[in-house]
Amino acid sequence: MFFWLKNKKNNNQNKKISQKKELNFKDNDAKILLQEIKDKFGLDYEKQKLVTLQKIERFAIKNGIGDFRELKAKIDNSIELQTRLINMLTVTETYFYRELGHFKILLKLMKEKNIKKILCVPSSSGEEVYSILMYLQERQQADIFVTGLDLNSDEVAAAKKGCYLERSLHLLPKNLHTKYFQRQEGRYCVSHLIKKRANFLHQNIFDTSFLELGSFDAIFCRNMFIYFNNDKKVKALSQIHTLLPIGGILFIGHADISFTPEGFIKKISNDGNYFIKV
Ligand SMILES: C[S@@+](CC[C@H](N)C(=O)[O-])C[C@H]1O[C@@H](n2cnc3c(N)ncnc32)[C@H](O)[C@@H]1O
């Protein structure tokens, strides 16, 4: 009896060791995979290479894949697997009323310009899109439509659902909690009044289909450039430039870029900086 148990244990251990031996996560294959992620999606993990590769390795093993080369081949052939890998890698932190200064500027500019259609890229789980609509609704600007767009399909699904934990609302004035949300199973769900003026798309800013979204009067592009290298920042800004008319407004997160994008002029105000397409 004891002999049998011991033998079983040894067999399992041997199995684990041989499984480990079969795994082959080589550095050169990792380099090629990270380069592909950077080229396609702009995501540059050079500074967090080790931790990112550990995450990717765990992802591969969970999906029964034994090395980076096999993983690369599989994601090249399966959009579904590629999407799950990208969802796992992207940092999607966001919350309501983040960097409120830009909303104040938008409101002021609405008095001078005809602003009806706004794009929010990236929109992550939707808080930014709904914040813009709530802020404007509070100031009698209800005739606005906001499109949110993000690379992470799980976050786009969450945005469409529009239900949040209380911590996402920590900067939102308390009176708006009851005014624009319904409580459902411990979550705060955005009311129809706001939701009906938002829509969300799963897309990569670098895809050519991004250029087919039509024209927007203002674009919010905040807290995404920190993951891009300089070339990708310039490329993303040129994609955005195409979707704005002359005089269109661009809001960029305060930590995102340190230069004025080509084809824009920079405006400085007490509430923050922004750019106008020229
Ligand atoms: C930190 S969140 C920013 C959300 C929101 N704009 C904000 O300021 O709170 C960054 C988001 O950028 C998205 N992202 C990264 N690369 C992208 C790309 N190539 N195209 C579209 N979205 C991308 C990620 O999926 C993530 O949800």
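Things worth noting here:
- Taking the listed residues 235, 267, the one that is more than 14 Å from the ligand (Cβ to nearest atom) and not acidic (Asp, Glu) is 267, with no other qualifying.
- Residue satisfying all of: in the range 134-163; within 13 Å of the ligand (Cβ to nearest atom) and part of a strand (DSSP E or B); farthest from residue 194 (Cα to Cα) among these: 150
- Only residues that are near the ligand (Cβ under 9 Å from one of its atoms), within 24 Å of residue 105 (Cα to Cα) and surrounded by fewer than 17 Cβ atoms within 10 Å (Cβ to Cβ) were counted in the range 205-232, giving 1.
- Search result, residues across the range 183-194 that are without any contact (Cβ under 8 Å) to a residue 60 or more places away in the chain, closer than 23 Å to residue 142 by Cβ and surrounded by 13 or more Cβ atoms within 10 Å (Cβ to Cβ): 188, 189, 191, 193
- Meets criteria (of a type in the set (Gly, Ala, Ser), in contact (Cβ under 8 Å) with a residue 24 or more places away in the chain and closer than 14 Å to residue 217 by Cβ) for residue 247: yes
- Condition check for residue 162: surrounded by fewer than 18 Cβ atoms within 10 Å (Cβ to Cβ) and touching a residue at least 24 places away in the same chain (Cβ under 8 Å): no
- Each residue in the range 164-176 was checked for being under 14 Å from residue 190 (Cβ atoms) and either among the hydrophobic types (A, V, I, L, M, F, W, C) or within 10 Å of the ligand (Cβ to nearest atom) (or both), and 4 pass.
- Odd one out for residue 127, checked against (1) more than 9 Å from the ligand (Cβ to nearest atom); (2) crowded, with 19+ Cβ neighbours inside 10 Å: (1)
- For the range 91-133, the tally of residues that are part of a helix (DSSP H, G or I) and farther than 22 Å from residue 180 by Cα stands at 4.
- Contact map, the range 26-52: first residue loosely packed, with under 12 Cβ neighbours inside 10 Å, second residue at pLDDT 90 or above and part of a helix (DSSP H, G or I), Cβ cut-off under 7 Å, separation 6 or more or different chains; pairs are 26/68.
The values are calculated or read from the model by the stated rules, or taken from the named source; none is laboratory data. Keep in mind that this is a model prediction, so the values were computed, not measured. Every residue, glycine as well, gets a Cβ built from its backbone with ideal geometry; the counts of neighbours run over all protein chains shown.
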